[in-house]
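Accompanying notes for the structure given below.
All of the numbers you see were taken from the coordinates with simple rules; none came from a lab. Values in this document were obtained by computation on a predicted structure and should not be read as measured data. Virtual Cβ from ideal backbone geometry, glycine too; neighbours counted across all protein chains shown.
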Amino acid sequence: MKAIDSYLLRQIVPTLLVTIFIAAVILMMERLMRLLDIAVGNGVSTLVVFQMLFNLIPHYIGLALPMALFLGVLLAFRKLSSQSELDAIQSTGIGLSRFIRAAVGLAVIMAALNFLLSGYLQPFTRYAYRAILFNITSGVIEQGIGEGIFMNLPNGYTMRVERSSGAGRELSGVFAHKQYPDGKITTLTAKKGELVTGAADGIVVMRLFSGNRSEWDPKTAENATLKFEVFDWPLDLAELVQFRGRGGDERELSITELYGAMAANRAAGRSGLNAGPDEKLPSAQKITPSAVESEFHGRMVFTFSMLLLPILAAPMGIMSRRVPRSFGLIFGLLVLVSYQKILEFGEAYAATKGLAAAPILWGIFAAFTLLTLLLFRVTETTAGAPPIQRLEARWAGLVDSLIAIVRPRKAAA
């Protein structure tokens, strides 16, 4: 029996590894183009770009793992059935339930790897990526202000200077812009400016010369402009050069921290959208309880779902030798992607509406499990054409009927 298991694994593993590699490379190349645009626009080296990309590797591997496992099992069973090897194996008394055990064992390993990635590694690398991105887009005022760079300041302003000298501390052509939640817009312009350091509590003053401060209200269409010769604009250096602590987003929390936050919320009587108002609370307790719960159960459901992928992929791959079509492959990918999107929607809906995420997400998982096991059982016990092949025949008949209706009839001779 061990020879059968190792033979099945030899059919699955190469496809699995190739799929992980290709999917990760494609996803990272797409992100690399965007990161290069950011780097060029903010005047940073490409070394920083690759550092950011390195922090995204766990995220992209986590995205590729389920698809790679599913395709590996599906294509392995497709090959075995098309070459009648599966029929030969079953004729020796080895049923589909026994033959699939090696693939399920591989799924257990992949699920454990996914749990480590999503539960512990991804939260830290995601935070590291965001910290680097913050430093790039906001700039570091200790090193001065670069020319032509849009900087996002902690007070909500976006600033740009035309020219800078003196290590970025002597500025010309200063422009700053801020839009408030009510729609009001404040604009600062100045011919010259300089950074004045030495203030207490990390406050750095940007001294502007010969400029205007304009306020415009779109509701009343009123515009107020104040001219100044010298204007000292205080900036909090500590806020500018330091990124927030990890945990400002539930996706930056490890699975252990999420569980601890859920326990703390229950102990404090917090639920739904009622986040902790105390600023001294840990970051995990400032996030809404519904968001914490949705993130925790979402990660757990995604992990346990990987155990079902071989059981779903095998019936999708089994086909008749006389009908070598790709319906099972396409239909299987459609089912897998749809299930993932439904889970993501359920997770987001529960988080934003303040609903209990556990019954929603685990209910979706239970329905998916039931349908997967039913399909596998029917495929194993039904003689003749596999269920997916019969579904394909009905689909082809429906398409042919629709084509016959739409296609114009030939004129009678």
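Placing a pseudo-label 7 Å from each Cα along the Cα-to-Cβ vector at TYR259 and LEU226 gives an inter-label distance of 5.5 nm. The stretch between LEU116 and ASN274 holds 53.9 nm of extra length on full extension. This uses 0.36 nm per residue minus the Cα-Cα distance.
The separation of region 105-136 from region 247-272, counted between C-alpha centres, amounts to 18 Å.
Packing around the peptides 247-260, 23-36, 182-195, taken as the average count of other Cβ atoms within 10 Å per residue, puts them in this order, highest first: 247-260, 182-195, 23-36.
Once you've got the Cα coordinates, tell me which of LYS79/LYS341; LYS184/LYS227; LYS178/LYS227; LYS2/LYS79 are over 27 Å apart. Correct reply: LYS79/LYS341.
With 0.36 nm allotted per residue and the present C-alpha distance subtracted, the ARG98-ARG244 stretch has 47.4 nm of extension available. Once the Cβ-Cβ distance of ARG390 and PHE345 is raised to the sixth power relative to R0 = 30 Å, the FRET efficiency obtained is 0.50. With each label modelled as a point 7 angstrom along the Cα→C-beta vector, the THR46-PHE209 pair spans 4.0 nm. Scoring 370-376, 105-111, 305-311 by mean Cβ neighbours within 10 Å over their residues and listing the highest first yields 305-311, 105-111, 370-376.
Pop a pseudo-label 7 angstrom from the Cα along the beta-carbon direction at both VAL108 and ILE26 and give the gap in nm to one decimal. So the two model labels end up 3.2 nm from each other.
For ALA356 and LYS219, what does the FRET efficiency come to when R0 = 51 Å and r is the distance between their Cβ atoms, rounded to the nearest 0.05? Present the calculation step by step, with values, prior to reporting the outcome.
On the way: r = 40 Å, r/R0 = 0.79.
Rounded to the nearest 0.05, the efficiency is 0.80.
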